[in-house]
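Student: Right, I'll just put the structure down here and ask away after.
The values are calculated or read from the model by the stated rules, or taken from the named source; none is laboratory data. Everything quoted here is computed from the prediction, not taken from an experiment. Heads up, the Cβs are rebuilt from the backbone with ideal geometry, glycines too, and the neighbour counts pull from every protein chain shown. Heads up: the accessible areas ignore ligands, DNA and RNA and are worked out on the full protein's heavy atoms, side chains in. Shrake-Rupley method; radii C 1.70, N 1.55, O 1.52, S 1.80 Å.
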Amino acid sequence: MAEVLVYVDHVDGAVRKPTLELLTLARRIGDPVALALGAGAANTATVLAEHGATRVLTADAAEFADYLVVPKVDALQAAYTAVSPAAVLVPSSAEGKEIAARLALRIGSGIITDATDLVAGEEGPVATQSAFAASYTTTTRVTKGTPVITVKPNSAPVEPAPAAGTVETLAVSFGEKSTGTKIVSRTPRESTGRPELTEAAIVVSGGRGVNGSENFAIIEALADSLGAAVGASRAAVDAGWYPHTNQVGQTGKSVSPQLYIANGISGAIQHRAGMQTSKTIVAVNKDAEAPIFDLVDYGIVGDLFDVVP
């Protein structure tokens, strides 16, 4: 079978869940070859092999940590040249989409972003996407060059499939532009102990109807009881009730969990664009005419305070 190049998202060797989902999708269209970069790259091999990677290409250099995305694009291009894959899959994070776009431009290929599914087609991989603020679902394929595809988290199950996972060191040459923007400092984000919002299987969100920052304690309590992440609408974060980093919507983060619980959120298109691809949607709202009820699988017309003691 043809090989499929998968860009690995990891932290010091700990592989993040979206990469394991990519390996599941990659196996539908070929043999996965994983590319892991930076500190701990070699430590990813065991987990990647357990989930289907036939080969693991690794590279570690100071440039990956000291500069922005261009060194990673240089490495992905080097891997592309070495592998000649049938497709390149990248996690659909902000950084991932920039890396994918730069690679597609360099190799003269088409790009598909924010895919929610991927299957083999007679003329190449066929991706499913949500378009026009998730009002439509489309099937798309690249017609020029090698498809470069970014995939949203929670788009596929994590399925172990043991493979060889042979580790190979990748030689990378960095271009002049790779050191154009240097990272001068880092501030670790304070951990809440909850899942990453974009990767969480369950998301509990609050909106204007929560009626104040103090009432987000109820949202957090519900989320913690479910092992969920906490989200918020734009109205809630603009009011200062919850951090902007937790905003779900067109100008915030896009999520696609197995379960999305919207509390006191009207369902304006700005918010819907960031969560409409959720597998199951539950809404709690006092307004029975709220647009959010057009989406939900289960709706509760009432006050959140009556539902959660």
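Student: Give the angle, between 0 and 90 degrees and rounded to the nearest 10, that separates the Cα long axis of helix 70-83 from the longest principal axis of the Cα atoms of the chain.
Tutor: So the inclination is approximately 60 degrees.
Student: Is segment 214-265 best put as rounded, prolate or oblate by its Cα gyration tensor, with a ≥ b ≥ c the root eigenvalues, rounded for a/c under 1.5, and otherwise prolate when a/b is larger than b/c, oblate when not?
Tutor: Because a/c hits 1.5 or more and a/b fails to exceed b/c, segment 214-265 counts as oblate.
Student: Looking only at trypsin sites (Lys or Arg not before Pro) in DSSP loops with at most 14 other Cβ atoms within 10 Å, what is the longest site-free stretch of the chain?
Tutor: Longest run free of exposed loop sites: 1-143.
Student: Here is a follow-up. Under the rule a/c < 1.5 gives rounded, and otherwise a/b versus b/c splits prolate from oblate, where does segment 202-308 land using the Cα gyration tensor?
Tutor: Because its axes are fairly even, with a/c under 1.5, segment 202-308 counts as rounded.
Student: Compute the distribution of all C-alpha to C-alpha distances in the chain, in bins of 10 Å from 0, and list the percent of pairs in each, rounded to whole numbers.
Tutor: Taking all Cα pairs of the chain, the binned fractions are 6, 26, 30, 23, 12, 2, 0 percent.
Student: Counting other Cβ atoms within 10 Å of each Cβ, which chymotrypsin sites (Phe, Trp or Tyr not before Pro) in segment 122-224 have at most 13 and sit in a DSSP loop?
Tutor: Of the chymotrypsin sites (Phe, Trp or Tyr not before Pro), the ones in loops of segment 122-224 whose Cβ has at most 13 other Cβ atoms within 10 Å are Phe132.
Student: Further question on the same structure: Once you charge only the Cβ atoms, +1 for Lys and Arg and -1 for Asp and Glu, what is the size of the charge dipole of the chain about its Cα centre, to the nearest 20 debye?
Tutor: 540 debye
Student: What GluC sites (Glu not before Pro) in segment 157-196 are in a loop by DSSP, with at most 12 other Cβ atoms within 10 Å of the Cβ?
Tutor: Within segment 157-196, the qualifying GluC sites (Glu not before Pro) (loop, at most 12 other Cβ atoms within 10 Å) are Glu190.
Student: To check you understand DSSP bridge types, tell me what percent of the beta bridges within the chain (both residues inside) are antiparallel, rounded to 5.
Tutor: Taking every DSSP beta bridge with both residues in the chain, the antiparallel ones total about 20 percent.
Student: Now, a different point. Net charge near Ala221: determine it from the other residues with C-beta under 14 Å of the C-beta of Ala221, scoring Lys and Arg +1 and Asp and Glu -1.
Tutor: -2
Student: If r is the Cβ-Cβ distance from Ile107 to Thr280 and R0 is 45 Å, what FRET efficiency results, to the nearest 0.05?
Tutor: 0.70
Student: Now a separate question. Please compare each pair in Lys97/Lys182; Lys17/Lys253; Lys97/Lys253; Lys17/Lys182; Lys253/Lys279; Lys152/Lys177 to a cut-off of 24 Å on the Cα-Cα distance and tell me which ones are over it.
Tutor: Lys17/Lys182; Lys152/Lys177
Student: Sort segment 151-234 into rounded, prolate or oblate with this rule: let a ≥ b ≥ c be the square roots of the eigenvalues of the Cα gyration tensor; rounded if a/c is under 1.5, and if a/c is not under 1.5, prolate when a/b is larger than b/c, oblate otherwise.
Tutor: Verdict is oblate for segment 151-234.
Student: Okay, moving on. Suppose all protein chains stay in the model; what accessible area per residue would a 1.4 Å probe give for the chain, in Å²?
Tutor: Value returned for the chain: 46 Å² of accessible area per residue.
Student: GNM, the chain, Cα, under 10 Å: largest mean-square fluctuation among Thr192, Thr128, Thr138?
Tutor: Residue with maximal mean-square fluctuation among Thr192, Thr128, Thr138: Thr192.
Student: Tell me, in nm to one decimal, what length is gained between Ser173 and Ala131 on full extension, where the rule is 0.36 nm per residue of separation less the Cα-Cα distance?
Tutor: 11.4 nm
Student: Continuing with this model, one more query. Nearest 10 degrees is fine. How inclined is helix 94-107 to the longest principal axis of the chain, computing both from alpha carbons?
Tutor: 40 degrees
Student: Right, something else. Let me see the P(r) profile for segment 62-109: every Cα-Cα distance counted, bins of 5 Å, each bin given as a percent of all pairs.
Tutor: Going out from 0 Å in 5 Å bins, segment 62-109 shows 5, 21, 33, 26, 12, 3, 0 percent.
Student: Could you tell me how far the Cα centroid of segment 264-302 sits from the Cα centroid of segment 75-122, in Å?
Tutor: Computed from Cα coordinates, the inter-centre distance equals 33 Å.
Student: Can I ask one more? Calculate how many DSSP beta bridges within segment 3-169 are antiparallel, expressed in % of all such bridges and rounded to the nearest 5.
Tutor: 30 percent
Student: Which residue fluctuates most in the GNM of the chain (Cα springs below 10 Å): Val184, Val203, Val126?
Tutor: In this elastic network of the chain, the residue with the biggest mean-square fluctuation among Val184, Val203, Val126 is Val184.
Student: Suppose only helical runs count, i.e. DSSP H with n ≥ 4. What mean residue ellipticity at 222 nm does that imply for the chain under -39500 (n - 2.57) per run, divided by all residues and rounded to the nearest 500 deg cm²/dmol?
Tutor: That calculation yields -7000 deg cm²/dmol at 222 nm.
Student: Turning to a different aspect of this structure: Taking the Cα atoms only, what angle lies between the long axis of helix 216-226 and the longest principal axis of the chain, rounded to 10 degrees?
Tutor: So the helix axis and the longest Cα principal axis differ by about 60 degrees.
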